[in-house]
Structure formats: structure tokens, C-alpha cells
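See structure below.
Readers should treat all values here as calculations from the given coordinates under stated rules, not as data from a laboratory. Being a predicted model, the structure only gives us computed values, none of them experimental. Methodologically, a virtual Cβ is constructed for each residue, glycine included, from the backbone with ideal geometry; neighbour enumeration extends over all protein chains shown.
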Amino acid sequence: MSSRLAERLGVQLPRVEHRPPAVLGSWGAEVADLASACGVELDPWQRHVLDVGLAEGPDGLFAALEVALVVPRQNGKSVVLAAL
């Protein structure tokens with residue numbers, strides 16, 4: 001990828017992130033695959049949100065009870081919810 005394209009795409013991972021420790025796995029990839037099968041291609045940051053938000057804790061339940069996503073308007077927040 002050229003540096004010019006990387007500049008235009010921006011940083012795909014959050015600058016600030018807090019997530020619960022001790023994660024066994026995540027359902028994020030399955031959600032992203034289903035969205036893709038329906039014709040919705042997620043951006044890397046959207047996949048990251050799903051991976052972190054749908055991670056499993058050591059007890060097999062979701063590791064995070066709440067997930068917050070702060071992104072400027074019209075940048076794909078609703079697509080994450082639609083995929084979910």
C-alpha cells in the first residue's frame with residue numbers, strides 16, 4: 001500500500017481503548033463473514049469493534065457488558081450495528 005493511500009485511509013485502530021482482560025475468543029469474525037455474505041464489506045476499524053465487543057471471557061459469556069463507540073457522524077457506526 002502506498003503511503004499516499006495510507007494517509008487517505010487514516011488510522012484504523014483506536015487511539016484510546018479499554019477492554020476486559022482474559023479473552024478466550026470472539027464472535028466478531030463470524031459477524032463480519034455474515035455481513036460480507038450479505039454484501040456488506042466492513043472497514044478494518046469496524047471489524048476491530050466487533051472483535052473487541054463480541055469477545056468472550058473465561059466464563060464463556062461476553063467479556064464486556066457495554067461497548068461504547070465514539071466516531072464522528074456519518075462514518076459507519078450504523079453499519080456496525082446493522083452487521084451485528
Using just the helices of the chain, give the 222 nm mean residue ellipticity in deg cm²/dmol: DSSP H runs with n ≥ 4 each add -39,500 (n - 2.57), and the total is spread over all residues, rounded to 500. -11000 deg cm²/dmol
If I take R0 = 25 Å and measure r between the Cβ atoms of residue 30 and residue 73 in this structure, what FRET efficiency does the formula 1/(1 + (r/R0)^6) give, to the nearest 0.05? 0.30
Can you give me the angle between helix 44-53 and the longest principal axis of the chain, using Cα atoms only, in degrees from 0 to 90, rounded to the nearest 10? 10 degrees
Amide H to amide H, which residues 5 or more places from residue 63 or on other chains are under 5 Å from it, using H placed in the peptide plane? 55, 56, 57
With an 8 Å cut-off on Cα pairs and a minimum separation of 6 or more residues, tell me the relative contact order of the chain in percent. 31 percent
Ranked by how many other beta carbons lie within 10 Å on average, peptides 12-18, 56-62, 42-48 from highest: 42-48, 56-62, 12-18
With Cβ to Cβ distances under 15 Å as the rule, what net charge do the other residues near residue 24 carry (K, R +1; D, E -1)? -3
